[in-house]
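Derivation of every value follows stated rules applied to the coordinates shown; laboratory data play no part. Everything numeric in this text was worked out from a predicted model, so none of it was measured. Note that we place each Cβ from the backbone using ideal geometry, even for glycine, and neighbour counts take in every protein chain shown.
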Amino acid sequence: MTIGLDRGPPEEFMTRMAWPGVLDMESTSSHDLAVSLDWEYDWDFIRLVEEEARALDLKTVTVSPANVAGCLEELRSGRLEFRVLLDRAAASSADFLAFQTVAIERGLDVIEPVGKLRWASDKATMHLEFITHGVHTPHTLILPSYESTRVPPLRPDELLPLGLPFVIKPANTTGGSLGVLEAASSLEDALTARQAYPLDKYLLQEKIIPEDRDGRRFWFRGFYILGEVHSTWWDDRTHVYDELADGEAERYALGPLEEIVRTIARISGLRFFSTEIVRDVRGRFVAVDYVNEICDMRLRSRHPDGVPDAVVRKIASRIASYVREGLLARPGEIAGG
């Protein structure tokens, strides 16, 4: 999911987002964890985060499109207090961005600041960073935006190392494969595709073919959350996830997956993201979709292409335990205790 996409919720969502936990405007409201969101399909994920937080005696508050203006006013006035902000909405409106800005100014722990998300979401930037840090990537050509250079100095023979077909993707605009051309075959394809998002840089990339064995395409999505790594199978054609079964990591020698995800965490500076990694037909582990900075956390039990429920639960649990760990260093400051 990419910063800047219009994910405005429908009216029914706006109504449903006026959840319990609405602030008492007459007194100070103290919480351990605040969660901001603007996408109706985050609801199940946030419920799990809240459940895990309650199990640790933590108090949460949810900031939604229905109450963000009021929460912003309360935060500015000092009547709303919290320790950690899990922010899944800062890029969607001026109020959400202001809410994050005030939280940062107050020295609160924000996961993640918009500036860090924007830097990490730029595929052209991450491509160069990955190469510098030894993460394998597809052979890639980076083209300037159409707006800046209508016809870049690119010769047909420069496309040869990419092979056929090759992939074309905008550096910043993709979300759910938005703007991606999976089967490009010519210089004309490359020049034409750039006009879809004329302000964006474009990547032309070698098409990576995954190893295919035992009915599995060796395409994975790795989730990084506050020091933990959770890897899943992910089919690039159907977008369907499967959990890694017990013993599969050892049986298929998938040990490098975790270290690659951890390396990407160090490169990006993010504490919550996902990435796509393929073991290709040559046996290489290749990062193919670098940093998904706002993870789609829909549940598999409710959406055919959702993340396995157990993985989402582990991520929610880690968020809650992270908040608890930080508060244990300050006895007596846990709002729910």
Quick check on this structure: which one of 168, 131, 208 is free of Cβ contacts under 8 Å to residues at least 12 places away in the same chain and either crowded, with 21+ Cβ neighbours inside 10 Å or part of a helix (DSSP H, G or I) (or both)? 131
When you scan segment 237-248, do you find a residue that is exposed (fewer than 13 other Cβ atoms within 10 Å of the Cβ), under 22 Å from residue 304 (Cα atoms), out of contact with any strand residue (DSSP E or B) (no Cβ under 9 Å at 6 or more places or on another chain) and touching a residue at least 40 places away in the same chain (Cβ under 8 Å), even just one? yes
If you scan segment 96-124, which residues turn out to be in a helix (DSSP H, G or I), of a type outside the set (A, V, I, L, M, F, W, C) and crowded, with 20+ Cβ neighbours inside 10 Å? 100, 121, 123
Among the residues of segment 139-147, is there at least one that is polar (S, T, N, Q), touching a residue at least 40 places away in the same chain (Cβ under 8 Å) and in a helix (DSSP H, G or I)? no
Out of segment 48-87, which residues are in contact with a Lys or Arg (Cβ under 7 Å, 6 or more places away or on another chain) and more than 18 Å from residue 37 (Cβ to Cβ)? 56
Could you check how many residues of segment 296-313 are over 14 Å from residue 274 (Cα atoms), basic (Lys, Arg) and touching a residue at least 60 places away in the same chain (Cβ under 8 Å)? 2
In this structure, does residue 201 turn out to be in contact with a strand residue (DSSP E or B) (Cβ under 8 Å, 6 or more places away or on another chain), within 21 Å of residue 128 (Cα to Cα), surrounded by fewer than 18 Cβ atoms within 10 Å (Cβ to Cβ) and touching a residue at least 60 places away in the same chain (Cβ under 8 Å)? no
Wholly enclosed strands (runs of 3 or more DSSP E) of segment 226-337 bearing at least 2 residues more than 29 Å from residue 202 (Cβ to Cβ): 228-234, 241-243
